[in-house]
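Input: a single structure, listed below in structure tokens.
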Amino acid sequence: MKFFKPLSLGIIALTSVMYACGGGGGEGTEASKETTSSLPQNQPQQSLEQRYGDDPDYIAGLALIKESDCPSCHMAERRIVGPSYNEVAEKYENTSENVNLLASRVIKGTVGEWGNVPMPAHPSLSEEDAQQMVRYVLLLRK
Ligand code: HEC
């Protein structure tokens, strides 16, 4: 009985590692519920869609971003040409000052905040649309 406990703990640790690796893309419905109930200290791995999908800023901002060229340089959770939206949201609090600041940088173009690759200007974007996009970006804190 004495050595049984560490063994079963080991199995729980192992299965949760397996879920952590495999759970990236899929929704892992049944299995992830089971894992989270046995590991209450861990936040369930929810997709951004699951966490923010009902927020009007999420819906409107994402729709505008999809129509624009942003996805060719930005992803929500991975840095490609530009910083991930996650990183931007970590850096700037979701305040109206920051929304205005970042929206004007999207319109005018910017460089030097994240490195020396510049973001080109988007002169055809309206202030409102740029602000709506930024409100979406700043929602995506990890
Ligand atoms: C050609 C690639 C490219 C495109 C297209 C692009 N970005 Fe960027 N973006 C970047 C780069 C590179 C940076 C980092 C600039 C810097 O270091 O200051 C950046 C930075 C940003 C930032 C953070 C600015 C800061 O001051 O920290 C936001 C917000 C942003 N982009 C939003 C957008 C949105 C919204 C769109 C679509 C309208 C867009 N980007 C299109 C490359 C791009």
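The values are calculated or read from the model by the stated rules, or taken from the named source; none is laboratory data. Just so you know, these numbers come straight off a predicted model, no measurement behind them. Cβ coordinates were reconstructed from backbone atoms using ideal geometry, including for glycine residues, and neighbour counts include every protein chain displayed.
Is one or more of the residues making up the range 104-127 within 27 Å of R51 (Cα to Cα), touching a Leu at 6+ places or on another chain (Cβ under 7 Å) and in a loop (DSSP other than H, G, I, E, B)?
No.
When the range 77-100 is examined, which residues are found to be assigned to a helix (DSSP H, G or I) and among the hydroxyl-bearing types (S, T, Y)?
Result: Y85, S96.
For the range 82-98, check the following and say yes or no: at least one residue is near the ligand (Cβ under 9 Å from one of its atoms), farther than 22 Å from P56 by Cβ and in contact with a His (Cβ under 9 Å, 6 or more places away or on another chain).
Yes, the range 82-98 contains a residue that is near the ligand (Cβ under 9 Å from one of its atoms), farther than 22 Å from P56 by Cβ and in contact with a His (Cβ under 9 Å, 6 or more places away or on another chain).
Yes/no matrix, rows are residues, columns are (1) surrounded by fewer than 17 Cβ atoms within 10 Å (Cβ to Cβ); (2) within 9 Å of the ligand (Cβ to nearest atom); (3) in the same structural domain as G53 (by TED's automatic domain parsing); (4) free of Cβ contacts under 8 Å to residues at least 24 places away in the same chain:
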| position | (1), (2), (3), (4) |
| --- | --- |
| R78 | yes, no, yes, yes |
| N100 | yes, no, yes, no |
| A103 | no, yes, yes, no |
| G109 | yes, yes, yes, yes |
| E128 | yes, no, yes, yes |
| V134 | no, yes, yes, no |
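Across the range 66-76, which residue is surrounded by the most Cβ atoms within 10 Å (Cβ to Cβ) among those that are in a helix (DSSP H, G or I) and near the ligand (Cβ under 6 Å from one of its atoms)?
Restricting attention to the range 66-76, the residues satisfying the condition of being in a helix (DSSP H, G or I) are 66-67, 70-72.
Pick out the ones that are also near the ligand (Cβ under 6 Å from one of its atoms) and you get 70, 72.
Working: C70: 19, S72: 9.
The selected residue is C70.
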